[in-house]
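Computed from the coordinates by the stated procedures, all read-outs in this text should not be read as laboratory data. None of these values were measured; they are calculated from a predicted model. Neighbour counts are summed over all protein chains in view; Cβ atoms, including those assigned to glycine, are modelled from backbone coordinates with ideal geometry.
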């Protein structure tokens, strides 16, 4: 029996998946300030670009098809499963959804969303009390929500790498770093020495191994 179901051109799935994940991220992040909306908008653009290639038009596969076909002629590169490029390139022969890169991607994505959600709760509580957020994930890093967005994007890159999202990723990381620096200037003006003490002992994005071991 021949499966004639299209692998791409499924624009309804592009819209549906983009909407689901954007709403999911919105419910965790809940942007309020202009800076929040900029960071959330950039993350949303990453998701739209990802799902456009995942279900709409496989630009990366078309662009690399000659090289891919010459190296792996046994693979139907225009099938949907072939979009899991890392599984295909490393010779995973079974269902790519159970491949090592896909499983690892789900861990990164899940961890990212959990950090975003926990960070929002800690920040919301601190803002209501007009104090500096230092609890929850803020005890580990100064910008857990930005770190969470980076983890989610990295997870999606492991699952379904594309030329566009690979190009966007370092730009978005740089943007989050710049937004974080701007927020820190505001926190320093608002909390003064208290912020300086907190910043001196808490890394910006990556937890210190010594603090992880201590806990």
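Mind sorting 88, 106 by how few other Cβ atoms lie within 10 Å of their own Cβ, fewest first?
Ranking 88, 106 by Cβ neighbours within 10 Å, fewest first, gives 106, 88.
Which order results if 141, 75 are arranged by neighbouring Cβ count within 10 Å, fewest first?
75, 141
Select from 146, 138, 62 the residue whose mean-square fluctuation is largest in a Gaussian network model of the chain (Cα-Cα springs shorter than 10 Å).
Checking each option, the largest mean-square fluctuation is seen for 62.
For 80, 97, what's the fewest-to-most ordering of other Cβ within 10 Å of each Cβ?
Fewest to most other Cβ atoms nearby, the residues stand as 97, 80.
Could you check which residue among 87, 53, 193 shows the biggest mean-square fluctuation in a GNM of the chain with a 10 Å Cα cutoff?
In this elastic network of the chain, the residue with the biggest mean-square fluctuation among 87, 53, 193 is 193.
Mind jotting down a quarter of the surface of the convex hull over the alpha carbons of region 100-215, in square nanometres, one decimal?
7.9
Just subtract the alpha-carbon distance of residue 121 and residue 7 from 0.36 nm times their residue separation and send over the number in nm, one decimal.
Additional length available on full extension: 37.1 nm.
Considering every Cα-Cα pair within region 160-212, what fraction, in whole percent, is farther apart than 12 Å?
When all Cα pairs of region 160-212 are counted, 73 percent exceed 12 Å.
Binning at 5 angstrom from zero up to the longest distance, how are the C-alpha pair distances of region 5-86 distributed in percent?
Calculated P(r), rounded to whole percents: 3, 14, 20, 17, 15, 11, 10, 6, 3, 1, 0.
I'd like the orientation of helix 59-71 relative to the chain: the angle between its Cα long axis and the longest Cα principal axis, in ° from 0 to 90, rounded to 10.
60
At 222 nm, what value in deg cm²/dmol follows for the chain if DSSP H runs of at least 4 each add -39500 (n - 2.57) and the sum is divided by all its residues, to the nearest 500?
-22500 deg cm²/dmol
Treating the angle as unsigned and between 0 and 90°, give the value, to the nearest 10°, between the Cα long axis of helix 100-129 and the longest Cα principal axis of the chain.
Once rounded, one gets 30 degrees.
Going by alpha carbons, how many degrees (0 to 90, nearest 10) lie between the helix axis of 144-159 and the longest principal axis of the chain?
With rounding to tens, the tilt is 10 degrees.
Can you work out the PRE-style zone for residue 166? Point 7 Å along Cα to Cβ, and I want the residues of region 37-60 with backbone N under 19 Å.
46-60
Against the empirical 2.2 N^0.38 Å scaling, what ratio does the C-alpha Rg of the chain come to?
1.18
Over the Cα atoms of region 63-159, each weighted equally, I'd like the Debye log10 I(q)/I(0) at q = 0.18, 0.19, 0.24, 0.25 Å⁻¹, rounded to two decimals.
-0.79, -0.84, -1.10, -1.14
So if I take the centroid of the Cα atoms in region 72-139 and the same for region 7-54, what is the distance between those two points in Å?
With region 72-139 and region 7-54 each reduced to a Cα centre, they are spaced 14 Å.
What is the calculated FRET efficiency for residue 111 to residue 200, with r their C-beta to C-beta distance and R₀ = 22 Å, to the nearest 0.05?
The computed FRET efficiency comes out at 0.25.
Just subtract the alpha-carbon distance of residue 44 and residue 191 from 0.36 nm times their residue separation and send over the number in nm, one decimal.
Extending this stretch completely gives an extra 49.8 nm.
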